1. Ala105 passes all but one of (1) over 11 Å from Ile69 (Cα atoms); (2) among the aliphatic types (A, V, I, L, M); (3) part of a strand (DSSP E or B); which number fails?
2. Give Leu32, Leu26, Leu41, Leu11 a once-over and let me know the one that is outside the structural domain of Val110 (by TED's automatic domain parsing), crowded, with 17+ Cβ neighbours inside 10 Å and either touching a Pro at 6+ places or on another chain (Cβ under 9 Å) or closer than 30 Å to Glu117 by Cα (or both).
3. List the pairs whose first member sits in segment 116-137 and is over 13 Å from Val95 (Cβ atoms), whose second member is at pLDDT 95 or above and assigned to a helix (DSSP H, G or I), and whose Cβ atoms are under 6 Å apart, counting only residues at least 6 apart or on separate chains?
4. Please work out if Met116 is surrounded by 12 or more Cβ atoms within 10 Å (Cβ to Cβ), under 17 Å from the mean Cα position of the chain (by Cα), at pLDDT 95 or above and within 30 Å of Met142 (Cβ to Cβ).
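The values are calculated or read from the model by the stated rules, or taken from the named source; none is laboratory data. Fair warning: this is a prediction, and the values are worked out from it, not measured in the lab. When we count neighbours, we look across all protein chains shown, and the Cβ atoms used for this are built from the backbone with ideal geometry, even at glycine.
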Amino acid sequence: MTDLDRIDLALLEAVQKNNRLTADELAEIVNLSPTACQRRLKRLRADGVIEADVAIVSPKAVGRYITMIVLVSLERERADIVDRFKTAIRNTREVMIGYYVTGDADFILVITAKDMEDYEQFTRRFFYENHDIKGFKTMVVMDRVKASFAFPLQE
């Protein structure tokens, strides 16, 4: 784990809220020079503290009108089956988020679709044709109340 000082935490807090801030704007926020801010951000990326620079896109703007939360149970919880399913998740564009979890399900997925017909076709291809899957339960999202990957940070 990387040791994070108060300036690192302040930088992370700022870029979690707005990853388009300039080095000058960040420097003003954390009371450091723009060059020092850039060096620290480069280190935080190299150390894997900052994993990605992403934008949150409106699903409706790109024709993805439906979001589902899907609980997936595997036939058996063997390492090879779990690894195969993790690979399938990573290689499937409709799966926006995938979590390997404990509890009633083995995985929780966040999936996007154009409409219910599109989702039905997805389920046939992704779930029903995969013999490692025992079952799945779908919950359709009625309203996206919050979309964020920002973590609460403390010194």
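1. Single failed check for Ala105: (3).
2. Just one listed residue meets the conditions, Leu26.
3. Pairs found: Asp132/Ile81; Ile133/Phe127.
4. So Met116 fails the test.
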